[in-house]
Amino acid sequence: MNQALPKWVDYGLMPLINVAVAFLIAGLVVLFVGESPVEAAYLMVRGAFGNGYNIGFTLFFATTFIFTGLAVAVAFHAGLFNIGGEGQAYIGGLGVGLICLSMDTILPWWLTFPLAIIGAALFGAAWAFIPAILQAKRGSHVVITTIMFNFIASALMVYLLAGPLQKSANLGPRTRDFEAGGQIPKLDWLFSPFGIDMGASPLNITFLLALIMAAVVWVIVWRTRFGFEMRTQGVSPRAAVYAGMPEVKIIVVTMMLSGGLAGMMALNPVMGDQTRLQLDFVEGAGFVGIAVALMGRSHPAGIVPAAILFGALYQGGAELAFDMPNITRDMIVMIQGLVILFAGAMEFMFRPALVRIFASQQEKMA
Amino acid sequence: MDTLIQLLDLTVRSAVPLLLACLAGLYSERAGVFDIGLEGKMLGGAFAAAAAAAVTGSAWIGLFAGIMVAVAFSLIHGFASITNKGNQIVSGVAINFMAAGLSALLGQAWFNQGGRTPQLQSEARFNPLDLPLAETLSGIPVIGPVYQDLVSGHNLIAYFAFAMVPITWWVLFRTRFGLRLRAVGENPAAVDTAGISVTWARYRAVICCGILCGIAGAYLSIGVSAGYVKDMTAGRGFIALAALIFAKWRPVAAMWACLLFGFLGAIEIRYQGVALPIVGVVPVQLMQALPYVLTVILLAGFIGKAIPPKAGGVPYTKER
């Protein structure tokens, strides 16, 4: 099992095979439903990249998934599984909303935005803090507590949006619309020189923030002392303790980083698109982050393309549902499950076969 | 008195699917296979049960289909986490998504009603049973109404669920199968040394888990409701998981935990927006969040200590 494979196989070929199998099975389901998988794939790609408007939407979704993917990946490196991205993002949105609601008439957007970034990260991190400290100090499993915190977050947000933060009962559970100071610019200026017209798509400057955060995560995990401690803890907690690394601090700080990243996801839909705080704006993105992190092998360089792929799936899937009413957007949820299964839980299924193939190759060469 | 009985009756109704899913998780986790895919298996079971019952018109065929689908998902979980030694949490997450996506997708493609299955006729469902003497005894104070309205009048699956509590206890603690099942969850190497297959014992445990999840799903879609609605499990799989931890992985305690969480659910339905004495109007959301909050407090070690099976979550590797 543990024979070495060339790095490009371990980090490139194997994930590709796993994801390909996931898509193959999705194709079989499409066939089973009585539609053509080839046509479905074509419609999906066209729906995701066909024109500037579609590309804008694809990258808008990708922005969200970069944040949640990074959140899951950071925790993975310390051997922690943060399933709470969903709740942390939801509460992160509360941070964004509170900043925008109180500052949007006083400050211009370029001052509100940095404050909202801090708000989102702080609220998300705070929501991850309790599961983290319970894991570090009392040994309760972070997987279970973060699941519980997702539900608690959801109940809390329904309570706040249908109660104290609600604008009026007629409009349903949501806050008032943010004024100009709570709205951030779109990104069409960046793409129009290339002749891509994004039209009314909601792609906004949070996309750039997501790319910056991907770089920041890379620096933290691979270029700092803390990142080294974190990865040591992930590979071998006992070695970390033996080396005198502070276990409690590693767990708590890693989880708060993770929660902060998940929280920052909220900037994209709340400030960049809906410009108000409303129910369920996370829409499962916290869970997509798990698939993205697994597919991207927990490395920012893998997470960004994986997030774009999932962005394309979400956007293309929505368009596909128009053209093939038999294939609803639930298809995407299923594909997500298959990717998590094959790229995550069964990641080593094809490994023995690959090891054999490469071993025989090397024999031939020798 | 009447309101109390109604409240308790509602408690039992809310507790049944929790109890079945919770016992399902008990088999799996006692054997060392963590399962956060209870929700997905229940959902898949609910859909399959309703779809098969709608097509064939038979509740029993529906129940069978629900069990088969949930067991199939269990076997995927087993294949990933036992045979391929994958991460059990990741596999559970995958099951939840596959079940949610697939049941909604197939529901739309087959029945074209926005992910619902057609409304079921009475013979395609498990209907409430009237226990013997329920009418005759109803005149007796206290015992009569309790027997008639609380004990009698549930469907077959509900009685099965409560019967499963002592059965599960007996299977786990008084049979050879149960001993081995618990042993592979605590110390698989010892079981292996005794010449017993860890893999097969764990597979049997996840199959038990699948069967019970399928029945829990069927209770929802062809028992208390007349058809499948998209996402009808609504997080019950996770409440069941919370109950399992709350019960510290013990069958009888699992029943009490499920009844407690069912009671919270019943209050939430019954007293929505009604002002209670002393506390005033309790926000519905607080009731919804309470099972999760209680579980977190328990996990934090403030109400006893929940210690999971020792080898839980660890794939067994025979040779090193």
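The values are calculated or read from the model by the stated rules, or taken from the named source; none is laboratory data. Since the structure is predicted, the reported quantities are computational estimates derived from the model, not experimental observations. Note: ideal-geometry Cβ built from the backbone for every residue, glycine included; neighbour counts use all protein chains shown.
Note on the stretch A:96-144: residues that are part of a helix (DSSP H, G or I) and away from every other protein chain (no Cβ under 14 Å) amount to 26. Under the condition of being among the hydroxyl-bearing types (Ser, Thr, Tyr) and more than 25 Å from the chain's Cα centre (by Cα), the residues counted in the stretch A:307-366 number 1. The set of residues in the stretch B:16-47 being assigned to a helix (DSSP H, G or I) and over 9 Å from the mean Cα position of the chain (by Cα) consists of B:Leu26, B:Tyr27, B:Ser28, B:Glu29, B:Arg30, B:Gly40, B:Lys41, B:Leu43, B:Gly44, B:Gly45, B:Ala46, B:Phe47.
Residues considered: B:Ser81, B:Ser91, B:Ser103. Of these, the only one that is touching a His at 6+ places or on another chain (Cβ under 8 Å), touching a residue at least 24 places away in the same chain (Cβ under 8 Å), of a type outside the set (A, V, I, L, M) and within 14 Å of chain A (Cβ to nearest Cβ) is B:Ser91. Annotation: of all residues in the stretch A:120-132 being in contact (Cβ under 8 Å) with a residue 24 or more places away in the chain and farther than 10 Å from A:Met256 by Cβ, the one that is surrounded by the fewest Cβ atoms within 10 Å (Cβ to Cβ) is A:Phe123.
When B:Pro166 is tested against the conditions (1) modelled with pLDDT of 90 or more; (2) surrounded by 18 or more Cβ atoms within 10 Å (Cβ to Cβ), the lone failure is (2). In the stretch B:209-244, the qualifying residues are those that are over 26 Å from B:Leu290 (Cβ atoms) and in a loop (DSSP other than H, G, I, E, B), and the one that is farthest from the other protein chains (Cβ to nearest Cβ) is B:Ala226. If you check A:Thr254 against the conditions, is it surrounded by 15 or more Cβ atoms within 10 Å (Cβ to Cβ), touching a residue at least 24 places away in the same chain (Cβ under 8 Å), closer than 20 Å to A:Ser298 by Cβ and out of contact with any Asp or Glu (no Cβ under 8 Å at 6 or more places or on another chain)? In short, yes.
The test for being of a type in the set (Asp, Glu) and touching a Ser or Thr at 6+ places or on another chain (Cβ under 9 Å) does not hold for A:Asp323.
Rundown of residues vs (1) within 26 Å of B:Gly312 (Cα to Cα); (2) within 9 Å of the chain's Cα centre (by Cα); (3) not charged (D, E, K, R), yes/no style:
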site: B:Leu212; (1), (2), (3): yes, yes, yes
site: B:Leu220; (1), (2), (3): no, no, yes
site: B:Val224; (1), (2), (3): no, no, yes
site: B:Asp231; (1), (2), (3): no, no, no
site: B:Phe238; (1), (2), (3): yes, no, yes
site: B:Ala243; (1), (2), (3): yes, no, yes
site: B:Ala247; (1), (2), (3): yes, no, yes
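Quick one: which of A:Ala215, A:Ala200, A:Ala210 is under 27 Å from A:Phe113 (Cβ atoms), exposed (fewer than 14 other Cβ atoms within 10 Å of the Cβ) and at pLDDT 95 or above? After applying the criteria, what remains is A:Ala215. Inclusion of A:Ile147 among residues that are crowded, with 21+ Cβ neighbours inside 10 Å, on the phi < 0 side of the Ramachandran plot, more than 12 Å from chain B (Cβ to nearest Cβ) and β-branched (Val, Ile, Thr) is not warranted.
Can you give me the number of residues within the stretch A:150-179 that are more than 14 Å from chain B (Cβ to nearest Cβ), closer than 12 Å to A:Gln278 by Cα and small (Gly, Ala, Ser)? Residues in the stretch A:150-179 being more than 14 Å from chain B (Cβ to nearest Cβ), closer than 12 Å to A:Gln278 by Cα and small (Gly, Ala, Ser): 1 in total. Do we have any residue at all in the stretch B:179-196 that's in contact with a Phe, Trp or Tyr (Cβ under 6 Å, 6 or more places away or on another chain) and either modelled with pLDDT of 90 or more or within 26 Å of B:Gly32 (Cβ to Cβ) (or both)? Taking every residue of the stretch B:179-196 in turn, at least one turns out to be in contact with a Phe, Trp or Tyr (Cβ under 6 Å, 6 or more places away or on another chain) and either modelled with pLDDT of 90 or more or within 26 Å of B:Gly32 (Cβ to Cβ) (or both). Going through the stretch A:37-89 one residue at a time, which ones are within 14 Å of chain B (Cβ to nearest Cβ), outside any helix (DSSP H, G or I) and surrounded by fewer than 23 Cβ atoms within 10 Å (Cβ to Cβ)? Answer for the stretch A:37-89, where residues must be within 14 Å of chain B (Cβ to nearest Cβ), outside any helix (DSSP H, G or I) and surrounded by fewer than 23 Cβ atoms within 10 Å (Cβ to Cβ): A:Gly79, A:Phe81.
Taken together, A:Phe81, A:Phe60 contain a single residue that is within 24 Å of A:Gly296 (Cα to Cα), in contact with a strand residue (DSSP E or B) (Cβ under 9 Å, 6 or more places away or on another chain) and either without any contact (Cβ under 8 Å) to a residue 12 or more places away in the chain or of a type outside the set (A, V, I, L, M) (or both), which is A:Phe60. For the stretch A:206-223, check the following and say yes or no: at least one residue is among the basic types (Lys, Arg), over 24 Å from A:Met103 (Cβ atoms) and under 25 Å from the mean Cα position of the chain (by Cα). Yes, the stretch A:206-223 contains a residue that is among the basic types (Lys, Arg), over 24 Å from A:Met103 (Cβ atoms) and under 25 Å from the mean Cα position of the chain (by Cα). Among the residues making up the stretch B:245-259, those that are part of a helix (DSSP H, G or I) and within 13 Å of another protein chain (Cβ to nearest Cβ) are B:Ile245, B:Phe246.
Condition check ((1) farther than 29 Å from B:Ile167 by Cβ; (2) at pLDDT below 85; (3) surrounded by 14 or more Cβ atoms within 10 Å (Cβ to Cβ); (4) among the basic types (Lys, Arg)) across all residues:
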site: B:Val252; (1), (2), (3), (4): no, no, no, no
site: B:Met255; (1), (2), (3), (4): no, no, yes, no
site: B:Pro283; (1), (2), (3), (4): yes, yes, yes, no
site: B:Gln288; (1), (2), (3), (4): yes, yes, yes, no
site: B:Leu298; (1), (2), (3), (4): no, yes, yes, no
site: B:Glu319; (1), (2), (3), (4): yes, yes, no, no
